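Since the structure comes first, as C-alpha coordinates, the remarks are kept for the end.
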Amino acid sequence: MKYLILRRIVQLSILTFFSFGVFNFILKGNLSSSVLFSSVPLSDPFAFIQLVLASLQVDLVALSGALIVFLFYAIFTGRAFCAWVCPVNIITDFAYFVRNKLGFNQARVFNVNKNLRYYILAFVLVFSFLFSFPVFEEFSYIGIIQRGVIFGGISWLFVALIIFCIDTFFSPRFTCSHFCPLGAFWALSSHFSLLKVRYNLQKCTKCYKCLGVCPEKQVLWMIGKENQDVKSGECIRCGKCIDVCGDDALGFSIINLRRENEK
Ligand code: SF4
Ligand code: SF4
(Lines give C-alpha, C1' and ligand atoms only; values in the text may rest on other atoms or scores of the structure.)
(Ligands and ions follow the chains in the order given, each with its own letter.)
Protein backbone atom coordinates (compact mmCIF):
# COMPACT_ATOMS: atom_id res chain seq x y z
CA MET A 1 0.00 0.00 0.00
CA LYS A 2 2.98 2.26 0.69
CA TYR A 3 3.93 2.95 -2.92
CA LEU A 4 0.34 3.10 -4.11
CA ILE A 5 -0.35 5.96 -1.68
CA LEU A 6 2.90 7.72 -2.59
CA ARG A 7 2.11 7.45 -6.30
CA ARG A 8 -1.37 8.89 -5.87
CA ILE A 9 0.05 11.80 -3.86
CA VAL A 10 2.60 12.54 -6.62
CA GLN A 11 0.07 12.17 -9.46
CA LEU A 12 -2.53 14.38 -7.77
CA SER A 13 0.08 16.96 -6.69
CA ILE A 14 1.26 17.38 -10.29
CA LEU A 15 -2.33 17.82 -11.48
CA THR A 16 -2.90 20.33 -8.67
CA PHE A 17 0.21 22.33 -9.58
CA PHE A 18 -0.98 22.58 -13.18
CA SER A 19 -4.57 23.37 -12.21
CA PHE A 20 -4.19 26.38 -9.92
CA GLY A 21 -2.48 29.63 -10.93
CA VAL A 22 -1.30 30.09 -7.35
CA PHE A 23 1.19 27.26 -8.02
CA ASN A 24 2.44 28.70 -11.33
CA PHE A 25 5.75 29.61 -9.73
CA ILE A 26 6.31 25.86 -9.19
CA LEU A 27 4.95 24.36 -12.39
CA LYS A 28 3.13 26.03 -15.27
CA GLY A 29 1.83 24.45 -18.47
CA ASN A 30 0.87 20.84 -19.09
CA LEU A 31 2.50 17.43 -19.49
CA SER A 32 3.59 18.19 -23.08
CA SER A 33 5.29 21.48 -22.30
CA SER A 34 5.81 23.28 -19.00
CA VAL A 35 8.11 25.54 -17.02
CA LEU A 36 9.50 24.58 -13.61
CA PHE A 37 10.17 27.38 -11.09
CA SER A 38 9.52 29.97 -13.84
CA SER A 39 12.87 29.17 -15.45
CA VAL A 40 13.48 25.49 -16.29
CA PRO A 41 11.76 24.37 -19.53
CA LEU A 42 10.30 20.85 -19.52
CA SER A 43 9.03 19.15 -22.67
CA ASP A 44 7.70 15.70 -23.40
CA PRO A 45 10.50 14.23 -25.59
CA PHE A 46 8.08 12.01 -27.52
CA ALA A 47 5.93 15.07 -28.36
CA PHE A 48 9.08 16.99 -29.26
CA ILE A 49 10.24 14.29 -31.72
CA GLN A 50 6.80 14.28 -33.37
CA LEU A 51 6.92 18.08 -33.70
CA VAL A 52 10.38 17.99 -35.25
CA LEU A 53 9.31 15.30 -37.72
CA ALA A 54 6.13 17.23 -38.56
CA SER A 55 7.69 20.68 -38.97
CA LEU A 56 11.31 19.78 -39.80
CA GLN A 57 12.27 22.59 -37.44
CA VAL A 58 13.93 22.52 -34.03
CA ASP A 59 12.92 24.92 -31.28
CA LEU A 60 15.95 25.23 -28.99
CA VAL A 61 13.95 25.88 -25.82
CA ALA A 62 11.77 22.84 -26.52
CA LEU A 63 14.91 20.82 -27.30
CA SER A 64 16.52 21.69 -23.97
CA GLY A 65 13.26 20.92 -22.15
CA ALA A 66 12.98 17.56 -23.91
CA LEU A 67 16.58 16.69 -23.08
CA ILE A 68 16.11 17.52 -19.38
CA VAL A 69 13.03 15.29 -19.14
CA PHE A 70 14.53 12.51 -21.25
CA LEU A 71 17.78 12.36 -19.30
CA PHE A 72 15.94 12.43 -15.95
CA TYR A 73 13.89 9.35 -16.79
CA ALA A 74 16.51 7.54 -18.90
CA ILE A 75 19.30 7.92 -16.31
CA PHE A 76 17.45 7.86 -13.01
CA THR A 77 13.87 6.62 -12.75
CA GLY A 78 13.22 4.65 -15.94
CA ARG A 79 9.60 4.39 -17.07
CA ALA A 80 8.32 5.88 -13.81
CA PHE A 81 6.32 8.48 -15.78
CA CYS A 82 3.64 5.83 -16.39
CA ALA A 83 3.11 4.99 -12.72
CA TRP A 84 3.93 8.26 -10.97
CA VAL A 85 2.91 11.07 -13.33
CA CYS A 86 0.45 10.02 -16.04
CA PRO A 87 -3.20 10.62 -14.97
CA VAL A 88 -4.39 7.73 -17.17
CA ASN A 89 -2.68 5.34 -14.75
CA ILE A 90 -5.25 6.26 -12.07
CA ILE A 91 -8.06 5.17 -14.43
CA THR A 92 -6.38 1.95 -15.57
CA ASP A 93 -5.44 0.95 -12.02
CA PHE A 94 -9.07 1.52 -11.00
CA ALA A 95 -10.29 -0.54 -13.98
CA TYR A 96 -8.00 -3.40 -12.94
CA PHE A 97 -9.33 -3.18 -9.38
CA VAL A 98 -12.94 -3.32 -10.63
CA ARG A 99 -12.13 -6.27 -12.93
CA ASN A 100 -10.85 -8.23 -9.98
CA LYS A 101 -13.79 -7.25 -7.78
CA LEU A 102 -16.22 -8.39 -10.50
CA GLY A 103 -14.37 -11.70 -10.66
CA PHE A 104 -13.38 -11.75 -14.33
CA ASN A 105 -9.68 -11.22 -13.89
CA GLN A 106 -8.84 -13.99 -16.40
CA ALA A 107 -11.52 -13.09 -18.94
CA ARG A 108 -10.63 -11.04 -22.00
CA VAL A 109 -12.64 -10.32 -25.14
CA PHE A 110 -9.59 -9.73 -27.27
CA ASN A 111 -6.02 -10.88 -26.91
CA VAL A 112 -3.45 -8.36 -28.03
CA ASN A 113 0.29 -8.78 -28.25
CA LYS A 114 2.16 -6.35 -26.00
CA ASN A 115 4.41 -5.41 -28.92
CA LEU A 116 1.46 -3.61 -30.52
CA ARG A 117 2.54 -0.45 -28.68
CA TYR A 118 5.93 -0.47 -30.42
CA TYR A 119 4.28 -0.72 -33.84
CA ILE A 120 1.96 2.18 -32.90
CA LEU A 121 4.99 4.19 -31.78
CA ALA A 122 6.63 3.63 -35.18
CA PHE A 123 3.40 4.52 -37.02
CA VAL A 124 3.05 7.73 -35.00
CA LEU A 125 6.55 8.85 -35.95
CA VAL A 126 6.19 7.93 -39.63
CA PHE A 127 2.75 9.50 -39.94
CA SER A 128 3.87 12.68 -38.12
CA PHE A 129 6.50 13.07 -40.81
CA LEU A 130 4.21 12.16 -43.72
CA PHE A 131 1.23 14.28 -42.67
CA SER A 132 3.18 17.16 -41.11
CA PHE A 133 1.42 17.15 -37.76
CA PRO A 134 2.25 15.50 -34.41
CA VAL A 135 -0.14 12.57 -34.72
CA PHE A 136 -0.26 11.30 -31.13
CA GLU A 137 -0.40 14.82 -29.68
CA GLU A 138 -3.51 15.58 -31.75
CA PHE A 139 -5.42 12.58 -30.43
CA SER A 140 -3.64 11.86 -27.16
CA TYR A 141 -6.04 10.63 -24.48
CA ILE A 142 -3.38 11.61 -21.93
CA GLY A 143 -3.49 15.24 -23.06
CA ILE A 144 -7.31 15.26 -23.28
CA ILE A 145 -7.67 13.91 -19.73
CA GLN A 146 -4.98 16.11 -18.25
CA ARG A 147 -6.30 19.29 -19.93
CA GLY A 148 -9.84 18.31 -18.91
CA VAL A 149 -8.83 18.00 -15.27
CA ILE A 150 -6.85 21.27 -15.39
CA PHE A 151 -9.26 23.44 -17.37
CA GLY A 152 -12.59 21.75 -16.64
CA GLY A 153 -15.26 20.57 -19.12
CA ILE A 154 -16.86 17.17 -19.53
CA SER A 155 -15.55 15.73 -22.83
CA TRP A 156 -12.54 14.23 -21.06
CA LEU A 157 -14.92 12.19 -18.92
CA PHE A 158 -16.09 10.30 -22.03
CA VAL A 159 -12.49 9.54 -22.95
CA ALA A 160 -11.82 8.37 -19.37
CA LEU A 161 -14.96 6.21 -19.49
CA ILE A 162 -13.92 4.57 -22.78
CA ILE A 163 -10.48 3.74 -21.35
CA PHE A 164 -12.08 2.40 -18.17
CA CYS A 165 -14.53 0.19 -20.12
CA ILE A 166 -11.87 -1.22 -22.47
CA ASP A 167 -9.55 -2.08 -19.58
CA THR A 168 -12.35 -3.45 -17.39
CA PHE A 169 -14.49 -5.42 -19.84
CA PHE A 170 -12.39 -6.19 -22.90
CA SER A 171 -8.71 -6.64 -22.13
CA PRO A 172 -6.87 -6.13 -18.84
CA ARG A 173 -4.20 -3.45 -18.85
CA PHE A 174 -4.87 -2.82 -22.54
CA THR A 175 -4.33 0.96 -22.61
CA CYS A 176 -1.02 1.23 -20.75
CA SER A 177 0.59 -2.17 -21.38
CA HIS A 178 -0.47 -2.90 -24.97
CA PHE A 179 -1.53 0.26 -26.78
CA CYS A 180 0.16 3.40 -25.47
CA PRO A 181 3.00 4.66 -27.74
CA LEU A 182 4.23 7.03 -25.02
CA GLY A 183 4.60 4.09 -22.62
CA ALA A 184 6.46 2.26 -25.41
CA PHE A 185 8.74 5.26 -25.87
CA TRP A 186 9.63 5.30 -22.17
CA ALA A 187 10.09 1.51 -22.12
CA LEU A 188 12.65 1.78 -24.93
CA SER A 189 14.41 4.64 -23.12
CA SER A 190 14.59 3.02 -19.70
CA HIS A 191 16.74 -0.07 -20.01
CA PHE A 192 19.85 1.52 -18.47
CA SER A 193 18.23 3.67 -15.78
CA LEU A 194 19.66 3.46 -12.27
CA LEU A 195 16.45 2.79 -10.33
CA LYS A 196 15.65 -0.93 -10.47
CA VAL A 197 13.51 -3.42 -8.62
CA ARG A 198 15.88 -5.72 -6.74
CA TYR A 199 14.94 -9.41 -6.32
CA ASN A 200 16.38 -11.76 -3.70
CA LEU A 201 15.73 -15.41 -4.53
CA GLN A 202 16.93 -16.57 -1.08
CA LYS A 203 14.20 -14.57 0.67
CA CYS A 204 11.45 -15.48 -1.82
CA THR A 205 8.89 -18.04 -0.60
CA LYS A 206 7.43 -18.43 -4.11
CA CYS A 207 3.95 -17.25 -3.27
CA TYR A 208 3.85 -15.41 -6.63
CA LYS A 209 1.69 -12.58 -5.32
CA CYS A 210 3.99 -10.18 -7.17
CA LEU A 211 3.09 -11.77 -10.51
CA GLY A 212 -0.57 -11.36 -9.63
CA VAL A 213 -0.36 -7.59 -9.35
CA CYS A 214 2.37 -6.57 -11.82
CA PRO A 215 0.97 -4.68 -14.84
CA GLU A 216 3.93 -5.90 -16.91
CA LYS A 217 4.23 -9.49 -15.67
CA GLN A 218 6.81 -10.45 -18.32
CA VAL A 219 9.44 -8.28 -16.57
CA LEU A 220 9.26 -10.58 -13.50
CA TRP A 221 10.40 -13.69 -15.40
CA MET A 222 13.12 -14.31 -12.77
CA ILE A 223 10.73 -14.81 -9.82
CA GLY A 224 11.35 -18.22 -8.27
CA LYS A 225 14.18 -18.87 -10.75
CA GLU A 226 17.15 -16.51 -10.58
CA ASN A 227 18.73 -13.90 -8.32
CA GLN A 228 18.30 -11.06 -10.80
CA ASP A 229 17.22 -7.44 -10.69
CA VAL A 230 14.33 -6.37 -12.92
CA LYS A 231 16.21 -4.91 -15.84
CA SER A 232 13.45 -4.50 -18.39
CA GLY A 233 12.56 -0.96 -19.44
CA GLU A 234 8.91 -2.07 -19.46
CA CYS A 235 8.83 -2.03 -15.63
CA ILE A 236 6.95 1.15 -14.66
CA ARG A 237 8.50 1.30 -11.15
CA CYS A 238 5.01 1.26 -9.61
CA GLY A 239 6.15 -0.71 -6.56
CA LYS A 240 3.03 -2.94 -6.58
CA CYS A 241 5.22 -6.06 -6.43
CA ILE A 242 7.11 -4.60 -3.46
CA ASP A 243 3.90 -3.64 -1.69
CA VAL A 244 2.49 -7.21 -1.84
CA CYS A 245 5.69 -9.10 -1.08
CA GLY A 246 5.56 -10.11 2.56
CA ASP A 247 9.06 -11.61 2.54
CA ASP A 248 11.20 -8.59 1.69
CA ALA A 249 12.34 -10.37 -1.47
CA LEU A 250 11.63 -7.30 -3.60
CA GLY A 251 12.57 -3.65 -3.16
CA PHE A 252 13.70 -0.59 -5.05
CA SER A 253 17.43 -0.11 -5.34
CA ILE A 254 19.80 2.16 -7.19
CA ILE A 255 21.42 -0.62 -9.24
CA ASN A 256 22.80 -3.35 -7.12
CA LEU A 257 26.49 -2.48 -7.54
CA ARG A 258 27.70 -5.29 -5.33
CA ARG A 259 25.76 -7.85 -7.33
CA GLU A 260 27.00 -6.32 -10.60
CA ASN A 261 30.61 -6.55 -9.33
CA GLU A 262 30.19 -10.15 -8.24
CA LYS A 263 29.35 -11.19 -11.82
S1 SF4 B 1 5.68 -11.84 -3.56
FE2 SF4 B 1 7.77 -11.97 -2.75
S3 SF4 B 1 7.87 -13.99 -1.80
FE4 SF4 B 1 6.08 -14.00 -3.15
S5 SF4 B 1 6.86 -14.85 -5.11
FE6 SF4 B 1 6.99 -12.60 -5.24
S7 SF4 B 1 9.08 -12.14 -4.55
FE8 SF4 B 1 8.67 -14.22 -3.91
S1 SF4 C 1 8.07 -5.28 -11.60
FE2 SF4 C 1 7.11 -4.30 -9.81
S3 SF4 C 1 7.58 -2.11 -10.06
FE4 SF4 C 1 7.92 -3.10 -12.08
S5 SF4 C 1 5.97 -2.89 -13.15
FE6 SF4 C 1 5.92 -4.87 -12.12
S7 SF4 C 1 4.88 -4.45 -10.17
FE8 SF4 C 1 5.55 -2.46 -10.99
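Here the chain has 70 percent of its accessible surface on carbon and sulfur atoms, given a 1.4 Å probe and all protein chains in place.
Contact order for the chain, expressed relative to its length and based on alpha carbon pairs under 8 Å spaced 6+ residues apart, stands at 23 percent.
For the chain, the cysteines with no partner cysteine C-beta closer than 4.7 Å are C82, C86, C165, C176, C180, C204, C207, C214, C235, C238, C245. Per residue, the chain exposes 51 Å² of solvent-accessible protein surface, assessed with a 1.4 angstrom probe and all protein chains in place. Close amide H contacts of M222 (hydrogens built in the peptide plane, cut-off under 5 Å, sequence separation of 5 or more or a different chain): none are found.
Distances between placed amide hydrogens fall under 5 Å for G251 paired with R198, all partners being 5 or more residues away or on another chain. Give K2/K206; K114/K231; K206/K240; K2/K240; K114/K206 a once-over and call out the pairs whose C-alpha atoms are over 19 Å from each other. Correct reply: K2/K206; K114/K206.
Can you tell me how the stretch 98-195 classifies by the Cα gyration tensor, rounded, prolate or oblate, using a/c under 1.5 as the rounded cut? Walk me through the numbers before you get to the answer.
Numbers: a/c = 1.72, a/b = 1.19, b/c = 1.44.
In terms of gyration-tensor shape, oblate.
Where only DSSP H runs of four or more residues are counted, the chain gives -14500 deg cm²/dmol as its mean residue ellipticity at 222 nm, each run worth -39500 (n - 2.57). With a cut-off of 15 Å between beta carbons, the residues surrounding D247 carry a summed charge of +2, where Lys and Arg count +1 and Asp and Glu -1. Taking a ≥ b ≥ c as the square roots of the eigenvalues of the Cα gyration tensor, the stretch 195-254 is rounded, since a/c falls below 1.5. Here the stretch 72-92 and the stretch 117-171 have alpha carbon centers that stand 16 Å from each other. Quick check: from the Cα gyration tensor, does the stretch 1-188 come out rounded (a/c under 1.5), prolate or oblate? It is oblate, given that a/c is not under 1.5 and a/b is not larger than b/c.
The values are calculated or read from the model by the stated rules, or taken from the named source; none is laboratory data. Since the model is a prediction, treat every value here as computed from it, not as a measurement. Note: ideal-geometry Cβ built from the backbone for every residue, glycine included; neighbour counts use all protein chains shown. Please note that ligands, DNA and RNA were not included when accessible areas were found on the heavy atoms of the full protein model with its side chains. Shrake-Rupley method; radii C 1.70, N 1.55, O 1.52, S 1.80 Å.
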